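Structure, as structure tokens:
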Amino acid sequence: MRISILAGMILLTGFTSFAEPEIKGTPSELAHYLNAVPKTVTITGEAEIRVPARRAVLSLRVITENRSLQEALRANLEIRGKLTDYLKNLGMPAERIQASKFSSTPKFGMWGEKAKSYRVENVMRISVQDEKEFQAATGVVDKWSEVQFDGVEFEYADKEQQKQNAIAKACENAGDRTKIYEEKIGVKLVPARFSEGEVEKRNAGPANYGAPRGEAYDRSSGPSASLSSASAAEESISSFGEIVYTAKVSVEYTVQPK
């Protein structure tokens, strides 16, 4: 019996040692304790930056076919000459119109060893600087049946810097909201710790430009609270390769009386 009583006392003592601490005191002392507990608030900042492409390189494939290789080459050269003159007349400089080396593919009959015809292809690369030039260059596809649209690649300025600019603008937005809350509510918001989040990027291709290639449809601590910049910048593409950076930051502050 003594052994059972002793075991029960030990078990009860064990439960008591793991119990939550008890808070005692007068109501005024309890209120003082609760007021000392840190209070936090999270404020979100958002921003959007639109950056147009620096330029676009349009690829046009010129295809001609003839029973004679010489005639297929001559026809291909003639179409490229007409295409170049057409773009020059629209005000496009000659140095922005470049032709690549041609390729020739012979076609053979079912039984003969001699080529039945020859297919000649040549890709022309046209550099355009705005939407107007882009529309003018793509218009040649409807003008000559031998010309096919082969894709477009956009070139941009420093994209990483633009993402950082979007995040900086989102931080400014959060700061502006913080000032409004401090003024209207009558409190002081103080950051205690800062941590920078990662930047995420997403490319979205416009349907008007067909299949994309490459870039075409081608950043000290406190005990009471933390300030986190869990930020994300998303990227989508609109007219003439314009990139839209959207950034969001979440900032946590401690709330203090003024």
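The values are calculated or read from the model by the stated rules, or taken from the named source; none is laboratory data. Keep in mind that what you see is a predicted model, and the values were worked out from it rather than measured. For neighbour counting, all protein chains shown are included, and Cβ atoms are generated from backbone atoms with ideal geometry for every residue, glycine included. These area figures cover heavy atoms from the full protein model, side chains too; ligands, DNA and RNA do not enter into them. Shrake-Rupley method; radii C 1.70, N 1.55, O 1.52, S 1.80 Å.
Take the solvent-accessible surface of the protein heavy atoms, probe 1.4 Å, and return the percent of it on region 112-174 that carbon and sulfur atoms account for.
Summing carbon and sulfur atoms, their accessible area is 43 percent of the total for region 112-174.
Kindly rank 247-257, 40-50 from highest to lowest mean number of other beta carbons found within 10 Å of each residue.
The packing order, highest mean first, is 247-257, 40-50.
Need the full-extension length gain, S145 to R54, defined as separation in residues times 0.36 nm minus the C-alpha distance. One decimal, nm.
Between S145 and R54, full extension yields an extra 29.8 nm.
Output the pairs from K116/K143; K82/K132; K39/K179; K163/K258; K88/K143 with a Cα-Cα distance over 24 Å in this structure; if there are none, say none.
K116/K143; K163/K258
Less than 13 Å from a label point 7 Å out along the Cα-to-Cβ axis of A115: which backbone N atoms in region 69-100 qualify, by residue?
69-74, by backbone N distance to the label point.
Suppose the chain between E65 and K107 were pulled fully straight at 0.36 nm per residue; how much longer would it get relative to their current alpha carbon spacing?
Values: separation 42, 0.36 × 42 = 15.12 nm, distance 0.99 nm.
Full extension of this stretch gives 14.1 nm more.
For region 72-191, state what percent of all Cα-Cα pairs lands in each successive 10 Å bin, counting from 0 Å until the bin that includes the largest distance.
Over region 72-191, the share of Cα pairs per 10 Å bin runs 10, 26, 17, 13, 11, 9, 8, 4, 2, 0 percent.
For I180 and Q129 in the same chain, what is the full-extension length gain: residue separation times 0.36 nm, less their Cα-Cα distance, in nm? Write down the numbers at each step before the final one.
On the way: separation 51, 0.36 × 51 = 18.36 nm, distance 4.24 nm.
So the chain would gain 14.1 nm between I180 and Q129.
Hey, any idea what % of region 38-90's accessible area is carbon plus sulfur with a 1.4 Å probe?
Answer for region 38-90: carbon and sulfur cover 47 percent of the accessible area.
To the nearest 10 square angstrom, how much accessible area does E133 have with a 1.4 angstrom probe?
Roughly 40 Å² of E133 is accessible to a 1.4 Å probe.
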